[in-house]
Structures are given as structure tokens and as C-alpha cells.
Amino acid sequence: MRRRTSAVIPPDAAARFAWGAAFFLTLTLVAILSLARNAQALTPPPSGATTAVLLLADDEEIEAEAEAAEEDEFEVEECLTGEEEECEEESGLEAPEECLLTGAEATVLAFPNRDRVRLQVRYETTAPTAVGVDYGLHGSKGSLFLGGDRKPPASKGVVRLTRSLTEAQMAKVLAAKDFTVRLTVPAAPRHCRAYFDRHLDLKRATPSGFAWLQSE
């Protein structure tokens, strides 16, 4: 009888086969990992993360606006270019009868030794009506809003506002170029506002400090 002889694979051939299989497997794993990373990069971030980024941007904008507001607490409404003469003429005229306010005289007093500032406004109206007053300053050391008050209906009255200041605020007052006093009459028509502002740009020394008056 003839015996069957089994095929024997040479050792070096088996090693080559194993090395080739391992190399192919490595390439496959690298390709899979590369595809997974690309898919992750293309996936949009969660909506919560996007919202957080937008909220952060909004907070930064609000914070910047707040800082700007602190640096300039009081901003006087100025006339538009080409209308300055018209505004000056209106501020020097008496208000029409429908505006109710017939006259107002304002004075600002500063007391450096006591770190105080005082506003005094005497006014008259054609009929009993409520009147409001706000004021602030502009100067070389910046702007500053100094407060306001509201008076109940009357045909005449006096508004007196006294305020204690910090050292920095007092420095702004002493360096003030002018004060703007804004009177408001809620019952008056809107067009009357142009007649109500008083600009105090005449500075005078007093025994206790300084006074700002409206120039003639």
C-alpha cells in the first residue's frame, strides 16, 4: 500500500503569512480610528454649549456698557450740527403759554470745605402744575449726574437740592465747565422741552466756595 504524505508548510512561509495578516489588521484599525475622528469633528456642538457661548458674549457686552455708563454718568443732549444757533435762540426765549412754565432761575453752589453742592431753582407757572428738576455737570474731569426732585402742583415754588460728595466727585464739581438743569412739566406739550433747560456756565467765587449762574 502507498502511504499519503501530508504537505508541510515551511516555517519561513508561515512567518510571512502571520506578519502580513498583522500588518493588514494594523492598517484596518488605523483607518477605523481616522474615520471616527473625522465624524467627531463634523458633529455640531450641543445646543447647551452654543447657548453658553452666546450668553458669555452677551454678559461681556453688558459689562462693557456698564463701565461706559459709570465713566459718563450724565450726558447733556446737544444740538445737531447746523442747528446750534436755533437751539441757543430757543433757550433764550420765554416759553409759550401752553408750556405752563413762565420762568425759572437756577443757581448751583459748591462748598469745597464741606464737600457739598446745592442746587436752587425758583420757578413760576401759569397754573398749578407739577414740576420736576434734574441736573448734572460737564468738565475737564468728566461728567456727573447730581440728582433731581419732583414738586407737587403749584403756581410757584423753590427746589433746593443739597448733596454730600466724595472727594473725587467734589473734584469734578470744582472743575465743572457748566451745569445743565433740566426742568420737566408733565402736563406741558412735548415741544416745550426745548424751553425748559437751563445752562449755567458763569462761574463766580463766593465767601464759602463757588457759584454757577446762567449767563445773560
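The values are calculated or read from the model by the stated rules, or taken from the named source; none is laboratory data. The structure displayed is predicted, hence computed values, not measured ones. As a convention, Cβ positions derive from the backbone with ideal geometry for all residues, glycine included, and neighbour counts pool all protein chains shown.
Computed values, structure above
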{"read-out": "Some residue of the stretch 97-115 being at pLDDT below 90 and not aromatic (Phe, Trp, Tyr)", "value": "yes"}
{"read-out": "Looking only at the stretch 127-150, and only at residues there that are more than 21 Å from LYS172 (Cβ to Cβ) and within 29 Å of the chain's Cα centre (by Cα), the one that is surrounded by the fewest Cβ atoms within 10 Å (Cβ to Cβ)", "value": "ARG150"}
{"read-out": "Subset of the stretch 200-216 (residues that are over 18 Å from GLY136 (Cα atoms), in a loop (DSSP other than H, G, I, E, B) and among the polar types (S, T, N, Q))", "value": "SER208"}
{"read-out": "Among residues of the stretch 159-199, those that are in a helix (DSSP H, G or I) and farther than 16 Å from SER215 by Cα, counted", "value": "13"}
{"read-out": "Answer from LEU200, LEU213 - the residue that is over 27 Å from the mean Cα position of the chain (by Cα), modelled with pLDDT of 95 or more and either under 19 Å from TYR123 (Cβ atoms) or surrounded by 12 or more Cβ atoms within 10 Å (Cβ to Cβ) (or both)", "value": "LEU213"}
{"read-out": "Residue check for GLU124: of a type in the set (D, E, K, R), surrounded by fewer than 18 Cβ atoms within 10 Å (Cβ to Cβ), touching a helix residue (DSSP H, G or I) at 6+ places or on another chain (Cβ under 9 Å) and over 17 Å from TRP212 (Cβ atoms)", "value": "no"}
{"read-out": "The lone exception for ARG118 - which of (1) farther than 22 Å from ALA211 by Cα; (2) in a strand (DSSP E or B); (3) of a type outside the set (Val, Ile, Thr); (4) in contact with a Ser or Thr (Cβ under 7 Å, 6 or more places away or on another chain) it fails", "value": "(1)"}
